[in-house]
Amino acid sequence: MDAILENLPLYWEGLLRTLFLSTVSGVIALVLGTLLAAARVSPVAALRGFSMTYVEVLRNTPLTIAFFFAAIVLPRLGVTFDQFEVAAIIALSAYTAAFIAEAVRSGVNSVPVGQAEAARSIGMKFSQVLSLIILPQALRTVIPPLINILIALVKNSSVAGAFFVLELFGYGRQLANAYGDQVLAVLLGVAFFYLLLTVPLGILASTVERKVAISR
Amino acid sequence: MSSVLYDVPGPKARRVSLIGSVVGSLLILGLLAWIIMTLAQQGIFEGRRWAIFTRADVWSLLGNGIGATLSAAALAAVIAFPLGLMLCLLRISDLAVIRIPIRVVLEFLRGMPVVLMMFFVLLVFGTNAFIAVVAGLVLYNAAVFSEIIRAGIQSLPKGQREAGLTVGLTSFQSRMIIELPQAVRRMMPSLVAQLVVLLKDTSLGYIVAYGELLRAVQVMADFLGPAFLFPIFFVAAAIYIAINICVSRIAVWIERRGTKKAAGGVAKAEPEPIEAAVP
């Protein structure tokens, strides 16, 4: 217990960095994922193909490989970062974007056909159909799965701890080494702080699920 | 290719789309060319860097890595599935004394990064890396399997359980004989999708120093020198991704087959493809 109380500032710093990594990568992944989903349903074949390949490859890439690439292989190739956070954000957002693209695409598919037909029949172009009619409805239906993906993102950010970023898990590893006799307490402390982030998000997901559910 | 999102393209739209395709492809090709140029400047494509793949020991190390990855994944899946079934039965027990603690435990396990669990087992129980990896994977995936099967049981029509109880089955018999088989079949796509996640998560073993594929890459790069990092990493990543894509394809195939046969013939199967896709 002492180990936790003495190192509360470190835990706090770790929590903030985890939060920072998750938020920045989450925002980038949301934008990138939505663009990929739009490309996936667009009339231009090259965009469709690109989006499909990206999603298929990234979804089947273990996150650790993405991290290994961004943090260890890229610097050897001459792409260096001042901080390893940048590598972590690249890996996390590229990986998460693939899942967000899939979720948004299934949201697009869940919008009734009549919506798009109505929009087209009043003369809207593809870009208008998508941005004014389909996406607003699609995003609404996929909010709960998106929150689940963000929860997974928070948990996934722990991999950054093994690639030179001192976030919650990174500090946990350090403290576990420093306090060999109190490993249990140190790691339960880390677990507690992760739950502090993931449990409220989970509750938010189920609340939102009930609130935004559109009865069709 | 026709879609409800846009009109069947006329001659003008087809021309615009063709131009878009060509420009898009050129952009992507240009990006690839730029990457390859940059790599070539680093000397990545020198023959000697790739010549290591003619050596048998490189392949045997890679093979060991793949073996370690697959064996951890297989063992974890074999243990996690029955455990998940059991947890699911406890989670929906009629007795609140059993139901509520199990629920708390499941929420705890699902809210935790897998790598933290592996690390926990490794340090607190002082096991070897293989057991830590398997235990971490089992704990997390059993919780997820349990939630998937629970969703399957709850999606069954109420009449199934009522009929079971009416013909004199006990609550447990009804769960085992009537509900579980239907629930598992209904949730097959999600379960297989979760297997892909499990397989991917074995790569976290790298972090707890388990000798899986990525660790083998690191070891070889340290041994042979940094010049060989990229070729080895490239080949290993390609193997990993190829294995995962194969398993994902099986999941898609099962999903198609499942919807065709309408999972047990009751109601329409709604295997939440979105939920299943959570990384």
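The values are calculated or read from the model by the stated rules, or taken from the named source; none is laboratory data. Bear in mind the structure is a predicted one, so any value in this text is a computation, not a measurement. Here the Cβ positions follow ideal geometry from the backbone for every residue, glycine too, while neighbour counts run over all protein chains shown.
Some observations on this one:
- Considering the conditions (1) touching a Ser or Thr at 6+ places or on another chain (Cβ under 6 Å); (2) farther than 18 Å from B:Val133 by Cα; (3) aliphatic (A, V, I, L, M), B:Val196 is excluded by exactly one of them, (2).
- Among the residues making up segment A:1-36, those that are within 20 Å of A:Ala91 (Cβ to Cβ) and β-branched (Val, Ile, Thr) are A:Thr18, A:Thr23, A:Val24, A:Val27, A:Ile28, A:Val31, A:Thr34.
- Among the conditions (1) within 10 Å of chain B (Cβ to nearest Cβ); (2) within 28 Å of B:Asp7 (Cβ to Cβ), the only one that A:Phe99 does not satisfy is (2).
Residue-wise test of (1) within 20 Å of A:Leu16 (Cβ to Cβ); (2) over 25 Å from the mean Cα position of the chain (by Cα); (3) not in a helix (DSSP H, G or I).
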site: A:Tyr171; (1), (2), (3): yes, no, no
site: A:Gln174; (1), (2), (3): yes, yes, no
site: A:Asn177; (1), (2), (3): no, yes, no
site: A:Leu184; (1), (2), (3): no, yes, no
site: A:Gly189; (1), (2), (3): yes, no, no
site: A:Tyr194; (1), (2), (3): yes, no, no
site: A:Glu209; (1), (2), (3): no, no, no
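- So B:Arg15, is it charged (D, E, K, R) and either under 30 Å from B:Phe108 (Cα atoms) or out of contact with any Phe, Trp or Tyr (no Cβ under 9 Å at 6 or more places or on another chain) (or both): yes
- A residue that is of a type in the set (D, E, K, R) and at pLDDT 80 or above occurs nowhere in segment B:42-54.
- Candidate set: segment A:39-53, residues that are within 10 Å of chain B (Cβ to nearest Cβ) and in contact with a Leu (Cβ under 6 Å, 6 or more places away or on another chain); chosen: the one modelled with the lowest pLDDT: A:Val41
- Any hit, segment A:45-67, residues being touching a residue at least 60 places away in the same chain (Cβ under 8 Å) and not in a helix (DSSP H, G or I): no
- Filtered residues of segment A:70-89 (kept if buried (at least 18 other Cβ atoms within 10 Å of the Cβ) and either in a loop (DSSP other than H, G, I, E, B) or within 7 Å of chain B (Cβ to nearest Cβ) (or both)): A:Val73
- Pairing residues of segment B:113-137 that are within 25 Å of A:Val199 (Cα to Cα) and without any contact (Cβ under 8 Å) to a residue 60 or more places away in the chain with residues that are crowded, with 24+ Cβ neighbours inside 10 Å and β-branched (Val, Ile, Thr), at Cβ distances under 7 Å and at least 6 apart in sequence or on separate chains, gives B:Leu116/A:Val190.
- Test: residue in segment B:28-37 that is surrounded by 11 or more Cβ atoms within 10 Å (Cβ to Cβ) and at the interface with chain A (Cβ under 9 Å from one of its Cβ atoms): yes
- Some residue of segment B:54-72 being at the interface with chain A (Cβ under 10 Å from one of its Cβ atoms), surrounded by 12 or more Cβ atoms within 10 Å (Cβ to Cβ) and either part of a helix (DSSP H, G or I) or charged (D, E, K, R) (or both): yes
- Residue, surrounded by the most Cβ atoms within 10 Å (Cβ to Cβ), within segment A:37-60, restricted to residues that are within 22 Å of B:Leu29 (Cβ to Cβ) and under 15 Å from the mean Cα position of the chain (by Cα): A:Val55
- Flag: B:Thr69 does not match the condition of being modelled with pLDDT under 90, among the β-branched types (Val, Ile, Thr) and farther than 30 Å from B:Ser171 by Cβ.
- Helices (runs of 4 or more DSSP H) fully within segment B:154-219 that include at least 3 residues being within 14 Å of chain A (Cβ to nearest Cβ) and crowded, with 17+ Cβ neighbours inside 10 Å: B:188-201.
- Screening B:Ala80, B:Ala76, B:Ala51 for residues that are touching an Asp or Glu at 6+ places or on another chain (Cβ under 9 Å) and assigned to a helix (DSSP H, G or I) leaves exactly one candidate, B:Ala76.
- None of A:Ala205, A:Ala176 is within 11 Å of chain B (Cβ to nearest Cβ) and either touching a Phe, Trp or Tyr at 6+ places or on another chain (Cβ under 9 Å) or among the β-branched types (Val, Ile, Thr) (or both) except A:Ala176.
- Tabulated pairs, segment B:54-68, first within 16 Å of B:Ala221 (Cα to Cα), second not hydrophobic (A, V, I, L, M, F, W, C), C-beta under 8 angstrom, 6+ apart or interchain: B:Asn64/B:Gly211; B:Gly65/B:Gly211; B:Gly65/B:Glu212; B:Gly65/B:Arg215
- Residue match in segment A:177-186 (condition: closer than 30 Å to A:Phe81 by Cβ and either charged (D, E, K, R) or out of contact with any Leu (no Cβ under 7 Å at 6 or more places or on another chain) (or both)): yes
- Breaking point among (1) within 7 Å of another protein chain (Cβ to nearest Cβ); (2) more than 23 Å from A:Glu85 (Cα to Cα); (3) without any contact (Cβ under 8 Å) to a residue 12 or more places away in the chain; (4) not charged (D, E, K, R), for A:Ala191: (2)
- Residue within segment B:134-150 that is under 27 Å from B:Arg215 (Cβ atoms), outside any helix (DSSP H, G or I) and of a type in the set (S, T, N, Q) present: no
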